[in-house]
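K.L.:
Structure below; questions to follow.
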Amino acid sequence: MSCGSEAVQWFLARGYIVVQGMRRGYGPTGGAWAEGFGPGCSADGYAKAGLASARDIDALVSYATALPYARPDGVVVVGHSAGGWAADAYDSEPHPKVVAMVSMAGGRGGHNDNTPNRNCRPDQLERAAGMYGVTATTPMLWIYAANDSFFSPQIASAMHAAFTGAGGKAELDQVGAFGTDGHMLFNRSGGSTIWGPLVERYLAARLGGS
């Protein structure tokens, strides 16, 4: 996502420093891909994959908060797709510098066999969400579109129910269809008119309007 993208500009316009990170195994960053969940798509595999991603987020938070022009705390974590799942996992781990977490279309196992609207063992993804909920501490915001080809409204609702049922706190907002695939709501032009007010309201509640 470029610095001029709509999502980045949305946060910059509201006074946030935006730091984007590439997790291990993606792009030219080097390092082994640490987020595999195994061929069986088990709950343990999904949970382990998310926690591997969460470690990368934690490293990025440490880097960002050490910048001379940044606050040492009050971090807002926003993740999309596998990055949203990483944010769910990060909530289950210690994160003292973070005050808010947003999962945009978060999950794993979508487009199984490269097929839209086919998820690999959504029942196990639901179980893994419940595993995170047991130790999650920061109230989250989850946003999904009705025509998400990776995570249907039914899958999103099941994950949310498992996460909150286990003790996690998350507001689930399921918005209407967006474009040809609502999975791209966060990073496509015009998306911020839909997710922006939801995120703004959530952040106002978490940060006291600051």
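K.L.:
Return the tail of the calculated pair distribution for the range 116-210, meaning the percent of Cα-Cα pairs more than 18 Å apart. Numbers along the way, then the final one.
P.N.:
On the way: 2273 of 4465 pairs.
The calculated P(r) of the range 116-210 puts 51 percent of pairs beyond 18 Å.
K.L.:
Pull up all non-local amide H partners of Val98: gap of 5 or more, or a different chain, and H-to-H distance under 5 Å with H placed in the peptide plane.
P.N.:
Residues meeting the amide H criterion: Val75.
K.L.:
In Å, what Rg and Dmax follow from the Cα atoms of the range 1-145?
P.N.:
For the range 1-145, the Cα radius of gyration and maximum Cα-Cα distance read 15.3, 45 Å.
K.L.:
Report, in deg cm²/dmol and to the nearest 500, the calculated mean residue ellipticity at 222 nm for the chain, where each DSSP H run with n ≥ 4 adds -39500 (n - 2.57) and the sum is divided by the residue count.
P.N.:
On the way: 6 runs with 81 residues, N = 210.
Computed mean residue ellipticity for the chain: -12500 deg cm²/dmol.
K.L.:
For the chain, give me every cysteine whose Cβ has no other Cys Cβ within less than 4.7 Å, ordered by residue number.
P.N.:
Taking the Cβ cut-off of 4.7 Å, the unpaired cysteines of the chain are Cys3.
K.L.:
I would also like to ask the following. What ³J(HN,Hα) values, in whole Hz, does the Karplus curve 6.51 cos²θ - 1.76 cosθ + 1.60 give for the range 114-122 when θ = phi - 60°, with x put for Gly and Pro?
P.N.:
Computed from phi, the couplings for the range 114-122 are 6, 10, x, 6, 10, 10, 7, 6, x Hz.
K.L.:
Normalised by the residues of the chain, what does the relative contact order come to in percent, with Cα pairs under 8 Å and at least six apart? Write down the numbers at each step before the final one.
P.N.:
Numbers: 392 pairs, mean separation 35.8, N = 210.
Dividing the mean separation by the residue count of the chain yields 17 percent.
K.L.:
Taking the range 1-62 as the region of interest, what is the percent of Cα-Cα pairs per 5 angstrom bin, listed from the shortest bin to the one with the maximum distance?
P.N.:
Cα pair-distance distribution for the range 1-62, in percent: 4, 17, 18, 18, 18, 13, 8, 4, 1.
K.L.:
Something else: What's the extension gain from Cys3 to Leu67 if we count 0.36 nm per residue and subtract their Cα-Cα distance?
P.N.:
Extra length available between Cys3 and Leu67 comes to 21.3 nm.
K.L.:
Treating only the Cβ atoms of Lys and Arg (+1) and Asp and Glu (-1) as charged, compute the dipole magnitude of the range 37-207 about its Cα centre; round to the nearest 20 debye. Present the calculation step by step, with values, prior to reporting the outcome.
P.N.:
Numbers: 12 positive and 15 negative charges, 27 e Å.
The dipole magnitude comes to about 120 debye.
K.L.:
Based on alpha-carbon positions alone, could you give the equivalent ellipsoid semi-axes of the range 92-166 from the gyration tensor, as √(5λ), descending, whole Å? Numbers along the way, then the final one.
P.N.:
Working: eigenvalues 107, 35, 22 Å².
Equivalent-ellipsoid dimensions as semi-axes: 23, 13, 11 Å.
K.L.:
Using the scaling law 2.2 N^0.38 Å as the reference, what is the normalised Cα Rg of the range 25-101?
P.N.:
1.17
K.L.:
Which cross-chain or sequence-distant (5 or more) residues have an amide H under 5 Å from the amide H of Glu171, H modelled 1.01 Å from N in plane?
P.N.:
Met140, Leu141, Trp142
Bear in mind that the values in this text are calculations on the coordinates, not laboratory data. Here the structure is a predicted model, which means the values were calculated and not measured. Every residue, glycine among them, receives a Cβ derived from its backbone with ideal geometry; neighbour counts consider all protein chains shown.
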